[in-house]
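Everything on this sheet refers to the single structure shown next.
Rule-based calculations on the coordinates, nothing more; no lab input. All of these numbers come straight from a predicted model, not from anything done at the bench. Note: ideal-geometry Cβ built from the backbone for every residue, glycine included; neighbour counts use all protein chains shown.
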């Protein structure tokens with residue numbers, strides 16, 4: 001079976017795939033990148049595992065329901081966005097496999113049969129797999145935000161890549177909601193994004209992991225991520241492909257009028273193997 005790459009996706013704002021108008025159009029580049037990812041993956045994935053920055057737990061939890069519902073974890077959007085459904089099936093078998101891999105590596109994770117799809121997941125999956133037919137499991141982040149723990153988490157998940165499971169870390173390369181819609185956020189997002197590009201695409205595997213663990217030393221790191229819930233999914237995506245090259249798959253300089261954002265792939269795409 002083909003070894004799948006991993007991805008860190010900057011997932012955009014709210015339920016954007018379900019909207020119209022200027023806000024929706026702001027994410028056209030992101031949408032095209034997700035369409036391109038679907039093309040480069042071909043028919044390889046049998047299931048998807050999303051480590052989502054919108055699900056925080058003390059420890060780790062795994063969605064294990066057969067037919068997950070929805071989590072509308074946003075506010076201020078049109079009424080219809082609180083009724084949307086992303087109907088992809090869950091996968092109790094995959095959830096149990098994830099739990100097994102983590103347990104064997106000394107990380108406890110509980111199964112959560114009630115957890116629904118949050119917008120860190122369905123905002124990515126709707127453009128990526130609009131047919132809503134690929135089994136889908138979510139994995140929480142730990143509220144400690146410990147980068148080394150999340151890199152280790154990714155390492156333990158790596159065998160899934162040889163089992164047809166696509167691993168996605170869903171967050172944002174810049175996540176400062178206070179400054180995102182003002183001129184204040186433009187420079188921190190640009191500077192931190194440049195550091196990410198250098199770290200993820202140019203550094204050796206060893207240096208890449210060590211720089212991520214010490215990400216707070218990056219220029220303007222805390223201005224870009226006052227709270228790192230949207231950054232630690234990157235650590236898991238890197239950990240699961242730790243010795244493989246990183247490339248940029250999405251880069252935009254005018255998000256919310258001036259914010260720089262990027263997504264990355266780690267490992268070769270199936271169509272290039």
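Structure notes:
- Förster radius 30 Å - calculated FRET efficiency between residue 207 and residue 227 (Cβ-Cβ, nearest 0.05): 0.70
- Note on the chain: the alpha carbon radius of gyration divided by the globular reference 2.2 N^0.38 Å gives 0.92.
- Listed peptides 129-136, 61-68, 164-171, 226-233 by packing density, highest first (mean Cβ within 10 Å): 164-171, 226-233, 61-68, 129-136
- Residue order for 142, 43, 193, fewest other beta carbons within 10 angstrom first, comes to 43, 142, 193.
- With the convex hull drawn around the C-alpha atoms of region 1-155, the volume per residue stands at 120 Å³.
- Burial ordering of 235, 70, 125, fewest other beta-carbon atoms within 10 Å first: 70, 125, 235
- Using the rule -39500 (n - 2.57) for each DSSP H run of four or more residues, divided by the residues of the chain, the 222 nm mean residue ellipticity is -9500 deg cm²/dmol.
- Share, in percent, of DSSP beta bridges within the chain that are antiparallel, nearest 5: 35
- Note on 58, 46: ascending count of other Cβ atoms within 10 Å places them as 58, 46, the fewest first.
- Annotation: region 169-217 has a Kirkwood hydrodynamic radius of 11.9 angstrom, from the mean reciprocal C-alpha pair distance.
- The Cα center of region 1-41 and the Cα center of region 84-115 differ in position by 23 Å.
- When DSSP beta bridges are restricted to pairs lying wholly in region 8-159, around 10% turn out antiparallel.
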